[in-house]
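Read the structure below first, then the notes.
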Amino acid sequence: MGKERGFVLISVWFLLSVCFCRAQEITVAAAADLRPALDEISPQFERASGLHVHVIFGSSGDLFQQIQNGAPFDVFLSANVGYPHKLQSAGLVVPESYFEYATGKIVLAVRADSKIDVNAGLRVLLDPAVKKVAIANPEHAPYGVAAMSALKKENIADKLSSKIVSAENISQAASFVLGGGADAGIIALSVVLAPASHAQFRYKEIPAADYSPIVQACVAIKASRQQDSALKFLSFLRGKDGADILQRFGFETPRN
């Protein structure tokens with residue numbers, strides 16, 4: 001009888017421990033351009049708060065659809081303002097949790113060993129030696145929208161239509177460039193500044209006047225069971241430590 005009681009107590013302790021651990025974790029749905037920055041922001045927040053951060057990266061449009069369909073996310077970090085606004089209008093976010101945390105930038109990028117002269121700007125993509133150009137899918141990725149806008153500004157979008165390779169998100173577009181699936185890419189500055197891949201790229205910033213500002217916004221999700229923790233994370237992102245990290249990865253922030 002004593003052994004059975006001991007087994008029950010151990011089982012209860014284990015279940016309570018699992019529940020406690022889950023309660024100490026928040027799930028963040030984040031646009032793929034944020035991966036390098038969140039690789040630093042998340043552990044800093046964890047040390048400061050004692051909360052674990054589980055991040056799921058993807059295109060903003062795909063993550064938006066998942067949230068609409070009830071995905072168990074606590075926080076949504078979008079690469080534009082449109083998707084958070086739509087969630088807000090639908091009553092799916094914590095009131096007053098919305099804010100614009102950063103503005104992103106795009107670059108023309110090639111592999112470090114490429115002979116393509118990125119300093120020549122986007123028109124270099126017309127060179128017959130450039131067979132494929134990677135961008136994020138503009139149907140659901142804000143950085144893809146910005147890339148197409150810049151190509152149209154240069155009046156070369158139609159001429160390059162057969163060369164465009166659409167990736168699911170900006171990280172995949174970068175991997176196409178590094179992996180040889182594309183000769184060049186129009187990708188996020190934050191991605192080429194990532195420590196793991198920075199030396200593998202050569203790049204040139206595309207003038208900000210050539211595309212609409214990539215203003216990025218975030219919200220806490222109303223269906224979250226961890227609303228307080230989600231708001232703490234957003235507060236950290238909005239604070240000096242979060243802003244400093246975002247700036248190091250090429251983002252402009254309200255603190256710039």
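The values are calculated or read from the model by the stated rules, or taken from the named source; none is laboratory data. Note that the structure is predicted; figures quoted are calculated from it, not measured. Reconstructed Cβ throughout: ideal geometry from the backbone, glycine too, with neighbour counts over all protein chains shown. Remember, those area values only see protein heavy atoms, side chains included, never the ligands or the DNA or RNA. Shrake-Rupley method; radii C 1.70, N 1.55, O 1.52, S 1.80 Å.
Lys/Arg Cβ at +1, Asp/Glu Cβ at -1, dipole of the range 201-256 taken about the Cα centre: which of 233, 223, 246 is farthest positive-ward?
Value: 223.
When the chain is fully extended, how far beyond the present Cα-Cα distance does residue 54 get from residue 90, taking 0.36 nm per residue of separation?
Length gained between residue 54 and residue 90: 10.4 nm.
For the range 124-227, with all protein chains present and a 1.4 Å probe, just round the carbon and sulfur fraction of the accessible area to a whole percent.
52 percent
Give the Debye-formula value of log10 I(q)/I(0) at each listed q (0.14, 0.17 Å⁻¹), with one equal scatterer per alpha carbon of the chain, two decimals each.
-0.90, -1.21
Could you give P(r) for the range 95-222, binned at 10 Å from zero, as whole percent values over all Cα-Cα pairs?
Spelled out bin by bin, the range 95-222 gives 13, 47, 29, 8, 3, 0 percent.
Past the 19 Å Cα-Cα mark, which pairs from 105/204; 86/232; 204/240; 86/240; 105/222?
86/232; 204/240; 86/240; 105/222, as the Cα separations exceed 19 Å there.
For an R0 of 41 angstrom, estimate the FRET efficiency from the Cβ-Cβ distance between residue 205 and residue 235 and round to the nearest 0.05.
Computed FRET efficiency for residue 205 and residue 235 comes out at 0.85.
For the range 114-124, just list the computed ³J(HN,Hα) in residue order, Karplus coefficients 6.51, -1.76 and 1.60, θ = phi - 60°, integers in Hz, with x standing in for Gly and Pro.
For the range 114-124, the Karplus curve yields 6, 8, 5, 8, 5, 5, 6, x, 4, 5, 5 Hz.
Once you charge only the Cβ atoms, +1 for Lys and Arg and -1 for Asp and Glu, what is the size of the charge dipole of the range 145-226 about its Cα centre, to the nearest 20 debye? Don't skip to the end; give the middle numbers.
Values: 8 positive and 6 negative charges, 43 e Å.
Value, rounded to 20: 200 debye.
In whole Å, what three semi-axes, largest first, describe the equivalent ellipsoid of the range 35-88 built from its Cα gyration tensor (square root of 5 times each eigenvalue)?
After diagonalising the Cα gyration tensor, the semi-axes are 23, 12, 10 Å.
How large is the dipole of the chain about the Cα centre if only Lys and Arg carry +1 and Asp and Glu carry -1, each at its Cβ, rounded to the nearest 20 debye?
The calculated dipole for the chain is roughly 140 debye.
Only bridges whose two residues both fall in the range 92-249 count here: according to DSSP, what percent of them are antiparallel, nearest 5?
So the antiparallel bridges amount to about 70 percent of the total.
Over the range 151-224, give the accessible area per residue in Å² for a 1.4 Å probe, as an integer.
For the range 151-224, the solvent-accessible area averages 45 Å² per residue.
Please name whichever of 79, 196, 60 sits farthest to the positive end of the charge dipole of the chain, dipole taken about the Cα centre and charges placed at Cβ: Lys and Arg +1, Asp and Glu -1.
Of the listed residues, the answer is 196.
Out of residues 5 or more away from residue 184 or on other chains, whose amide H comes under 5 Å of its own, with H placed 1.01 Å from N in the peptide plane?
It is 132, 134, by chain and number.
Determine the share of the range 49-91's accessible area contributed by carbon and sulfur atoms, expressed in whole percent, with a 1.4 angstrom probe. Spell out each step's value before the answer.
Details: 870 of 1810 Å².
Carbon and sulfur together cover 48 percent of it.
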